[in-house]
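Enquirer: Handing you a structure now.
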Amino acid sequence: MSIETGPVGHAPSATNEPSKPLRRYQDISDEVLDSPWAKKTVLTFDGGGVRGYSSLLILKALMLKIKEIETEGSSSRICSSRDYPWMGAHASSTLASNESIPDDFLPCHYFDYIAGTSTGGLSAIMLGRLRMTVDEALQQYKMFGDNVFGKARQWHARSGLWFPRAKYPSKKARNAFKQIIHNKITEHDRTLPYYQAEMELFKYRKDRTRTIVFSFSVDKKEGVDMGYLWRTYSHESRINISNDTYRPMNPSFAHTIPIWQVARATSAAPSYFEPIKIGDKEHFDGGVFANNPSLRVLEEVRAFHGYSPKIFISIGCGLKTKANENQPRRNSQLQSFSDQIVDSGRRKREALKKWLELLHGVRRFMTDTEGPNGVQGWSNECVTLQIKHRWRLNVEGELAQVALDEWDPPKSGESTLDKITKETDDYLSQPSVKENILEMARELVNIRQERAETERWERFALDVAYHCPESSCQGQHSRGYTTRHEFREHVMFCENDITNDD
């Protein structure tokens, strides 16, 4: 009996298979610490508005180094991060030269968890839940900027003449998120209707990269506000196998709401966008709670598995230095607002002053990524847990001075993106940063290649289906099987049927 596959994959027949994948429990289990699958890898993105473009550029540099390592050597058959040794030649391996090979190295093949806050949450959704390449994510980021940041309202809560509404229409953000989702899910089937994007759920397969996104929820009925963690996977209280103090935030099943709603929730920055109501809760930008989500993600992973991740990479959106903290704030509409307040009524003046102070405090908290709830807390926890392979990548200098919603000129944002790109390129050119990226890439490639020798890799990286060609199996047993384990059980069932018939 031979093995065949459906249109989404292929595999060699059982009779001429060059090697067999490792499928022992100790090779594929999360619980056996020597297993490559127990070497958990985590990637997080800070919130930072348009500066999140820098985070993706940093990740692109890492993915290019990964590709270089994976494909180095004339004898290498790796043409994609999907490839693995025991399946035979990948379809992309038939291409004539490396120059014609598409950029097909996906972050979701190297990270078990991808998490983010605000626009970092959008990056996490694109790379983790939607499984995009970095170039695809950068392209969609530009589209979002053109359609949203380039089209502010004339009168709003952040304008010189205050008006009680958010700076950007929520409808534009909602439509932009739906367009990003639709662009990806119709990648291989352009006939899918647009409303499919509205229905695509955040919940995803538990055997693939897990995506985490943060928002800040307010339940007016119960009078409770709290940070909120959105999951593509289930993490209930009873699942917590850890014996230490780590506990999951709002333990829950995988969230079965549309992706675009989660994207709106994590990016609803006060005064920039209206909050979104989901169920009984209103959700605001996750930066109100944890603009750098690294510490919260570390706690979540530790609570879920009961052990620490092997690799943890945290990417920021621009680090403020003492020099630029002392400089006057550019693009500070809050300051111009304060200067223009003229009101003879003391109560109104005091109320507006308090409102400004509150808004300014929220703004400072939302841009803080380095303190006890950010890098400092995360780094201390990593030391306590003895996580050796941890890195923080963050551009220092002028990048931090780019306003969260700067998009110049409004039609393309080209000037803003050029500024962000230049600052990021200067950072990436530093010898110490190059060395760190090389070390990260080597560690990630080692883990991926170890995993690619196991049977579990097929479920994690590919959409492969197995079909039995035996005529006696046609009918109720002729459906496709997504794992070799399922197919082996089917083969045993068919053999028993044939034996009984004889």
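The values are calculated or read from the model by the stated rules, or taken from the named source; none is laboratory data. No experiment lies behind these values; they were computed from the predicted model shown. Glycine also receives a Cβ, built like all others from the backbone with ideal geometry; neighbour counts cover every protein chain displayed. Remember, those area values only see protein heavy atoms, side chains included, never the ligands or the DNA or RNA. Shrake-Rupley method; radii C 1.70, N 1.55, O 1.52, S 1.80 Å.
Enquirer: Of Trp260, Trp155, which has the most accessible area with a 1.4 Å probe, and how do the rest follow in descending order?
Expert: Trp155, Trp260
Enquirer: For Val32, what accessible area in Å² do you get when you roll a 1.4 Å probe over the heavy atoms of the protein chains, rounding to the nearest 10?
Expert: For Val32, solvent-accessible area is about 40 Å².
Enquirer: Grab the Cα-Cα distance for Asp135 and Arg165, subtract it from 0.36 nm times how many residues apart they are, and report the gain in nm with one decimal.
Expert: Here the segment from Asp135 to Arg165 would lengthen by 7.4 nm.
Enquirer: Could you order peptides 196-203, 309-316 by the average number of other Cβ atoms within 10 Å of their residues, highest first?
Expert: Result, highest mean first: 309-316, 196-203.
Enquirer: Using only the heavy atoms of the protein chains and a 1.4 Å probe, how would Glu398, Glu458, Glu236 rank by accessible area, largest first?
Expert: Glu398, Glu236, Glu458
Enquirer: How much length would be gained if the chain were fully extended between Gln154 and Thr245, taking 0.36 nm per residue of separation minus their Cα-Cα distance, in nm to one decimal?
Expert: Net length gain for the segment: 27.8 nm.
Enquirer: With r as the distance between the Cβ atoms of Ile185 and Glu72 and R0 = 30 Å, compute the FRET efficiency 1/(1 + (r/R0)^6) and round to 0.05.
Expert: 0.30
Enquirer: A further question on this structure: On a 1.4 Å probe surface of the protein chains, which of Arg131, Arg77 comes out largest in accessible area, and what is the full order?
Expert: Heavy-atom accessible area, descending, gives Arg77, Arg131.
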